[in-house]
Amino acid sequence: MSGDTVDEAHTGPDGSSAGPGGSASPEERRARRAAAWNGARRRLSEGLPAGTIAGRLARLAEEGAAAYDLERGPDLYGDGIVADLEERTAALLGAEAAAFFPTGTMAQQVALRCWAGRTGSPVVALHPLSHPERHERGALTHVSGVRTVHPTGAPRPPTAEEVRELDEPFGTLLLELPLRDAGFVLPTWDELTETVAAARERDAVVHFDGARLWECTAHFGRTLPEIADLADSVYVSFYKSLGGLSGAALAGPEDFVEEARAWRHRYGGQLFQQWPAALAALVGLERELPRLPEYAAHAKAVAGALREGLAEAGVPWFRVHPEEPHTHQFQVWLPYDAEVLTEAAVRQAEEDGTVLFRAWSEPGPPGLAMTEVTVAAPGLAWGPGDVREALSAFLARVRPD
C-alpha cells in the first residue's frame, strides 16, 4: 500500500506532539506503527508481512505442501518449480507461454524493450499515473531507451478517442489494469475493447500492466483468458493480490516470451534459485486467486458502510473513491493532516486491537489526506455495523470533543 510509506509522527489532533515518544526517531515511529498494526486482532487485510523468518518459512512449508510436491528438488536457473509456475500462469491467462521475473519492474522493462524492437518505435503511450511513470525512477528511458507519451492526464484509464487523437506516433500502448494511483479504477469491458481497437487502428501493439489483473474478473464479467486475449502481452504480479513473497510473470506468444527470456538474462534476472518466491506464488494461485471475486464483492459493502458512517458523523468533506470499488481495493480521502490520521490509526490498533485504516499520505492539497483500503480474507468477517463502529472509534481519535 502506498500509504504505508508515510512516516507517521506522534502528533495529536492539533498537530502537536502527543503520546509516548513525541521526539522519537523515524525508525522508532515506523517500528511502533508496524508493531501496532501487526499485533491487532481485527483487520480488513493482512497488510505488511509480519513475524520471524523461522515462522514465515514454517508457514510457507505448511501451505506449500497443498500447492506443490515439496519432495521435488529446488530449481536451478529457472527449471523445476519455476518452470512449473510459468506453465500454470500461461494456462491461467490463456497465453502460449510465460516467463518468471524477480520483479515486475524488470518484466515490464523487458516487455516494452522487446516491443520497441519489433515495432520499430521506441515510443510507449501510457497514463502519467501508471507505475512505470510514477514509481520506477525513469527506468524506461534511462535503462531501456524508451520514450513515453500520455493520451490523457485525467485520473482514469485513457479512452479510445484519446488514443486515436494522440498527436504523436507510438508503437505500444500500455494499459494499467486497474490504474492504482487513480484509485484502482478500471474501464468498462466495452471501453477497454474500444481502447484496444483504437491502438490497433494506429498499428500499435497493446501491453497490459496487470500487476493486479487477477482481481479484475468480477468487474469485467470476463475470465482471465478473455481479458488477457485483448493484449499482445501481459504482466502479472505474484505478491500484490496473491500474497506471495515476490516475483512476476510476463505472458504472451511463444516467440515473444523466448525473446523476453534472453533479455531477462541480460537484465540480471536469471537467478540461481527462486524456489521460495515460486512456491509462495503457487500458494497464492491455489488459495487467494479463487477468493478475489469474493473480496471484491465485500469491498463494495465496506465502502458503502464507510460512506454512510462518514455522512452520519458529519465529516465536513470526504470521498470514498470509487464510490463502488472496481476491485477489492479503493481510496478514502479525509480533510485532515496525514500525520493526524496515521496517529489515530496507530492508536486505534494499540488501544482497541482494530485496524480500519493504516498510513495516510497527502498526494493533493495540504490538509487533504488519502489512504488505500484493501479488503481480503480477514475483512470478510466485518459486517456494515462493524465497519461503522470502527470508523466511529477512529474519528473519535481524530477529533475528540
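The values are calculated or read from the model by the stated rules, or taken from the named source; none is laboratory data. Nothing here was measured: the structure is a model prediction, and the numbers come from that model. Cβ atoms come from the backbone with ideal geometry, glycine included; neighbour counts cover every protein chain shown. Keep in mind that these areas ignore ligands, DNA and RNA; they rest on the heavy atoms of the full protein, side chains included. Shrake-Rupley method; radii C 1.70, N 1.55, O 1.52, S 1.80 Å.
For Val149 and Arg59, the difference between the fully extended length at 0.36 nm per residue and the C-alpha to C-alpha distance is 28.0 nm.
Heavy-atom surface analysis with a 1.4 Å probe gives the range 210-262 a carbon and sulfur content of 48 percent of its accessible area. The slack between Ala297 and Ala197, meaning 0.36 nm per residue of separation minus the straight C-alpha distance, is 33.1 nm.
When a/c reaches 1.5 or more, the comparison of a/b and b/c decides; with that in mind, is the range 261-321 rounded, prolate or oblate per its Cα gyration tensor? Here the range 261-321 falls in the prolate category. Sites listed here are chymotrypsin sites (Phe, Trp or Tyr not before Pro) in the range 313-401 whose DSSP assignment is loop and whose Cβ has at most 14 other Cβ atoms within 10 Å: Trp317.
The residues of the range 234-319 have, on average, 41 Å² of accessible surface per residue, using a 1.4 Å probe with all protein chains present.
Applying the criteria of a DSSP loop state and at most 11 other Cβ atoms within 10 Å to the chymotrypsin sites (Phe, Trp or Tyr not before Pro) of the range 235-310 yields Phe272.
Counting only protein heavy atoms and a 1.4 Å probe, the range 73-176 has 42 square angstrom of accessible area per residue.
Here Ala393 and Glu308 are evaluated by their C-beta separation; at R0 = 22 Å the FRET efficiency comes out at 0.90.
So what's the angle, to the nearest 10 degrees on a 0 to 90 scale, between helix 104-119 and the longest Cα principal axis of the chain? Result, in degrees: 30. If you fit an axis through the alpha-carbon atoms of helix 53-64 and take the longest principal axis of the Cα set of the chain, what angle between them do you get, 0 to 90°, nearest 10? Relative to the chain, helix 53-64 is tipped by roughly 60 degrees. Here His135 and Glu71 are evaluated by their C-beta separation; at R0 = 45 Å the FRET efficiency comes out at 0.70. Subtracting the Cα-Cα distance of Glu258 and Asp79 from 0.36 nm times their residue separation leaves 63.0 nm of extension gain.
Result for the chain in a Gaussian network model with C-alpha springs under 10 Å: among Ala313, Ala34, Ala297, the largest mean-square fluctuation is at Ala313. Nearest 10 degrees, 0 to 90: what angle lies between the long axis of helix 26-39 and the longest principal axis of the chain (Cα atoms)? Long axis of 26-39 versus the principal axis of the chain: about 90 degrees. Taking 7 Å steps out from each Cα toward its Cβ at Trp317 and Ala91 produces label points 5.2 nm apart. Once you sort the root eigenvalues of the Cα gyration tensor of the range 262-401 as a ≥ b ≥ c, which label holds: rounded (a/c under 1.5), prolate (a/b larger than b/c) or oblate (the other case)? Verdict is prolate for the range 262-401.
Loop-located trypsin sites (Lys or Arg not before Pro) across the range 18-116 with a Cβ neighbour count of 10 or fewer within 10 Å are Arg41, with loop assigned by DSSP. Look at the alpha carbon pairs under 8 Å that are at least 6 residues apart: their mean separation over the length of the chain gives a relative contact order of 23 percent. Accessible surface area normalised per residue over the range 336-401 is 35 Å², counting heavy atoms of protein chains with a 1.4 Å rolling probe.
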